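So the structure is just underneath, and the comments pick up after that.
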């Protein structure tokens, strides 16, 4: 925590190195969260890109009230949620669709490189309702507290806990059934 | 079969990789953006004021932080000579030479900070203060600027378009107390006492790179609230080169056991001379009404009456003066507002009679003091008579005029 606080302080006082360190430290975690939430590589990359851009632009006003990791994860979750709403996906496309979208990407190269293990997990996560998926990922992947997740989702803590439990159960069923096939 | 614990581990350990070439390309783009933001000039909200302030590369001092450090680390400073303690000792020493200081005090959720410009005399006592108080600090008053000099305070109420000049020890004490937090000479002994009593725990991180600040975290025990420490943790940033504190953050312990940032203070222009013009109102808008309470008797004399009795009398005589169109008297009771201004302000509302005046109640807003005196009036507006209950009126003792009481607001 002190390291992050120091990084933020230096970043606010114009240290490029501090920003580089923050970027290196949290980039992959944020990309992982974004792709897990959105199942769409291009959009996930854009979300993370936008979060860092906003972080730079608002750096001087930024005040770290909790952990930097949770703050950045919350930023990603908020933007991902907006993207999710904007696209109004009727069905979760799963990682097959990711591949298709990736192939039409305007980026010369892919930023996110997905492993087979991750692809399998993401296929299962994609079948969860968005709120449950978000709760499971923010808790298990980003290490956020239920209180923070509940605040982000504007729901009681018990709802966040319930979403986590149900989401985890569903995920277990999905992955177990996959194994038994 | 996957257990829930295994699923959690699976999610936690599932990794992606990022393309190193893209990482570098994106980082390069971000750094360009970062450069652009550094080149942008900060938004100047008060250019005239800002130009008056001598600008310099920051030699910042958070004297309040010095206080806390000195206090909380007193054992370290005087019992254990460590590098970090040495730095703090230097900081404490440096704080004794403070002559000028510019402070921005931020509150979480509020965009605009409170700002103070302080000048100390040779003995280290506060000589001049300029304070910019945003509207959130006192919504009823609105934003205001306060200049305090030689025991006299000039308060410019922007929304009310008035400049109030008072000479009052209570006001001076209150203002002085609010800035004493930044004066280590006064607060150090109190914090030393806290440390010696075991009411605080200190953590210090001193990076080997001297370009990085020392971070001092002072966590207070709950008992500290009894000693007037309103927060649960203070984090200070000390410049290793100058040995001065650059900022101070205050945290409150939440029900969830986490420390939440509630306010923070930034210190600028340490010992950079402040333009004397900063301590003078020389360019107020022409429609600002000046009320100098230091040169006239304000309100009514209390005499042998109790505080409640004089409060009722003040309200009664005020409205009687308004009914009689004696605006000179009404203005005198209403804080010294000139008769002409009073007449203009009451042109749209004719008070016919006082129906009733109730028992005074303590003013609900903390820090205001005095009473609210609920009353009912019969008024005539646009030819229609009706019953009217003003918000106040608020009545309290006159600043700097012992034994006199006046109305300070809430009359219509």
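Tabulated data for the structure shown
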| quantity | calculated |
| --- | --- |
| Leading residue by the ranking (surrounded by the most Cβ atoms within 10 Å (Cβ to Cβ)) among those in segment A:131-150 that are more than 12 Å from the chain's Cα centre (by Cα) and more than 8 Å from chain B (Cβ to nearest Cβ) | A:149 |
| Residue match in segment A:44-54 (condition: at the interface with chain B (Cβ under 8 Å from one of its Cβ atoms) and at pLDDT below 90) | no |
| Selection count, segment B:142-151, where residues are surrounded by 16 or more Cβ atoms within 10 Å (Cβ to Cβ) and at pLDDT below 85 | 0 |
| Which numbered condition residue B:354 misses (of (1) under 14 Å from residue B:411 (Cβ atoms); (2) out of contact with any strand residue (DSSP E or B) (no Cβ under 7 Å at 6 or more places or on another chain)) | (2) |
| Of all residues making up segment B:272-296, the number that are more than 23 Å from residue B:332 (Cβ to Cβ) and touching a helix residue (DSSP H, G or I) at 6+ places or on another chain (Cβ under 6 Å) | 3 |
| Odd one out for residue A:173 among (1) farther than 20 Å from residue B:15 by Cβ; (2) in contact with a helix residue (DSSP H, G or I) (Cβ under 7 Å, 6 or more places away or on another chain) | (2) |
| Per-region count, segment B:372-400, residues part of a strand (DSSP E or B), farther than 16 Å from residue B:140 by Cα and in contact with a helix residue (DSSP H, G or I) (Cβ under 7 Å, 6 or more places away or on another chain) | 2 |
| Residue in segment A:15-30 that is touching a helix residue (DSSP H, G or I) at 6+ places or on another chain (Cβ under 6 Å), closer than 20 Å to residue A:136 by Cα and more than 7 Å from every other protein chain (Cβ to nearest Cβ) present | yes |
| Residue list for segment B:1-21, filter: at the interface with chain A (Cβ under 7 Å from one of its Cβ atoms) and outside any helix (DSSP H, G or I) | B:1, B:2, B:14, B:15, B:16, B:17, B:18, B:19 |
| In segment A:1-18, residue surrounded by the most Cβ atoms within 10 Å (Cβ to Cβ) [restricted to those that are part of a helix (DSSP H, G or I) and in contact (Cβ under 8 Å) with a residue 40 or more places away in the chain] | A:11 |
| Segment A:114-130: number of residues that are within 11 Å of another protein chain (Cβ to nearest Cβ) and assigned to a helix (DSSP H, G or I) | 9 |
| So residue B:205, is it in the same structural domain as residue B:110 (by TED's automatic domain parsing), surrounded by 15 or more Cβ atoms within 10 Å (Cβ to Cβ) and in contact with a strand residue (DSSP E or B) (Cβ under 8 Å, 6 or more places away or on another chain) | yes |
| Top-ranked residue of segment A:66-91 - restricted to ones that are buried (at least 16 other Cβ atoms within 10 Å of the Cβ) and in a loop (DSSP other than H, G, I, E, B), ranked as modelled with the highest pLDDT | A:67 |
| Some residue of segment B:297-309 being out of contact with any helix residue (DSSP H, G or I) (no Cβ under 9 Å at 6 or more places or on another chain) and either within 14 Å of chain A (Cβ to nearest Cβ) or outside any helix (DSSP H, G or I) (or both) | yes |
| Segment B:310-348, subset out of contact with any helix residue (DSSP H, G or I) (no Cβ under 8 Å at 6 or more places or on another chain) and at positive phi, residue surrounded by the fewest Cβ atoms within 10 Å (Cβ to Cβ) | B:335 |
| Segment B:245-283 - residue that is more than 14 Å from chain A (Cβ to nearest Cβ) and modelled with pLDDT under 85 and, of those, surrounded by the fewest Cβ atoms within 10 Å (Cβ to Cβ) | B:282 |
| Failed item in (1) closer than 17 Å to residue B:408 by Cβ; (2) surrounded by 15 or more Cβ atoms within 10 Å (Cβ to Cβ), with residue B:351 passing the rest | (1) |
| So residue A:32, is it touching a strand residue (DSSP E or B) at 6+ places or on another chain (Cβ under 7 Å), assigned to a helix (DSSP H, G or I) and either within 30 Å of residue B:246 (Cβ to Cβ) or modelled with pLDDT of 95 or more (or both) | no |
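For (1) part of a strand (DSSP E or B); (2) outside the structural domain of residue B:154 (by TED's automatic domain parsing); (3) in contact (Cβ under 8 Å) with a residue 60 or more places away in the chain, each residue gets a yes or a no:
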position: B:311; (1), (2), (3): no, yes, yes
position: B:321; (1), (2), (3): no, yes, no
position: B:355; (1), (2), (3): yes, yes, no
position: B:365; (1), (2), (3): no, yes, yes
position: B:369; (1), (2), (3): no, yes, no
position: B:402; (1), (2), (3): no, yes, no
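The values are calculated or read from the model by the stated rules, or taken from the named source; none is laboratory data. Being a predicted model, the structure only gives us computed values, none of them experimental. Backbone-built Cβ (ideal geometry, glycine too); neighbour counts: all protein chains shown.
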